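Working notes, beginning with the structure itself.
Nothing in this text is a laboratory measurement; each read-out follows from the coordinates by a stated rule. Worth saying up front: this structure is predicted, and the values here are computed from it rather than measured. Because the Cβ atoms are built from the backbone with ideal geometry, glycine has one as well, and the counts that use them run over all protein chains shown.
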Amino acid sequence: VFLLYDRGDVSGADSLLRNVLQRQPLYLPAIVRLGELAWCCGGDAAGAIELLERAVALDPNALWPRRPLVRAYLDAADLRAAEAVIAESRDAQAVLRLPVLAFKGDWLQAGEASYAALEAGLVAPIDEVVAVVSIRRHARQTGQYARAAATLEALSGITWQADGLPRVPQRPGLRVAS
């Protein structure tokens, strides 16, 4: 995580994760992170799917391997498989549905799913972009701009100064936040 997200060292993270898996082939965090790396940085949806399906098989109740798995299937244009991953999940389906609803262009449902996921505290960093876009598109279709603004301000931590300028909080780096 440090090598990839803090330093941007994709090859170093890949090498470290592969080394871990050589020694411990069933180590779930390494399998998931390597799958995530293949999906987000390698453009290898097929390789990501293989690794992330293996991770889900090792721990069928875990939510975190399903998040990038749904996205990898969507990148491979396999909507049916992405929906199957969601259907097999025991909980948190609202947050898993977000990228599928966005993929379909169903901004009304994507916006409502984003609001529900945020309210339940289920939005992880991997979900934030699609949640924010969904809320913005939802607001454009429904005219619920005040709801969207309040939600996005709370998510970002922005407050407003007396002169009308925003005060943007400094977000901690990944090392601190994770």
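With percent of Cα pairs over 29 Å apart as the read-out, I listed (1) 28; (2) 24; (3) 18; which label goes with the value calculated from this structure?
Of the labelled values, this structure produces (1).
Looking at region 41-92, which GluC sites (Glu not before Pro) are in a loop (DSSP not H, G, I, E or B) and have at most 12 other Cβ atoms within 10 Å?
Here the sparse-neighbourhood loop sites are 88.
Can you list the HN-Hα couplings for region 15-25, worked out from phi with the Karplus curve (6.51, -1.76, 1.60; θ = phi - 60°), rounded to whole Hz and with x for Gly and Pro?
With the stated coefficients, region 15-25 comes to 4, 4, 5, 5, 5, 4, 5, 5, 7, 9, x Hz.
Would you mind working out the magnitude of the charge dipole of the chain relative to its Cα centre, with +1 at each Lys and Arg C-beta and -1 at each Asp and Glu C-beta, to the nearest 20 Debye?
200
Taking the dipole about the Cα centre of the chain, with the C-beta of Lys and Arg at +1 and of Asp and Glu at -1, give me whichever of 57, 141, 158 is farthest to the positive side.
158
If you average the C-alpha positions of region 1-35 and of region 75-97 separately, how far apart do those two centres end up, in angstrom?
Cα centroid of region 1-35 versus Cα centroid of region 75-97: 24 Å apart.
Could you give me the ³J(HN,Hα) list for region 26-33, computed from phi with Karplus coefficients 6.51, -1.76, 1.60 and θ = phi - 60°, whole Hz, x at Gly and Pro?
Coupling constants for region 26-33: 9, 6, 3, x, 5, 5, 5, 5 Hz.
In whole Hz, what ³J(HN,Hα) sequence does region 103-119 give by Karplus (6.51, -1.76, 1.60; θ = phi - 60°), x for Gly and Pro?
Per-residue couplings from phi come out as 4, 7, x, 8, 6, 5, 5, 4, x, 5, 5, 5, 4, 5, 5, 5, 4 Hz.
Please work out how much length the chain gains when fully extended from residue 146 to residue 10, using 0.36 nm per residue of separation minus the C-alpha to C-alpha distance, in nm with one decimal.
45.0 nm
If I take R0 = 25 Å and measure r between the Cβ atoms of residue 59 and residue 2 in this structure, what FRET efficiency does the formula 1/(1 + (r/R0)^6) give, to the nearest 0.05?
After rounding, the FRET efficiency stands at 0.60.
Give, rounded to the nearest 20 debye, the magnitude of the charge dipole that region 51-143 has about its Cα centre when Lys and Arg contribute +1 at Cβ and Asp and Glu contribute -1 at Cβ.
220
Working from Cα positions, state the angle (0 to 90°, nearest 10) between the long axis of helix 66-75 and the longest principal axis of the chain.
Around 90 degrees separate the two axes.
Can you give the relative contact order of region 19-178 as a percent, counting alpha carbon pairs under 8 Å and 6+ residues apart?
Computed value for region 19-178: 12 percent relative contact order.
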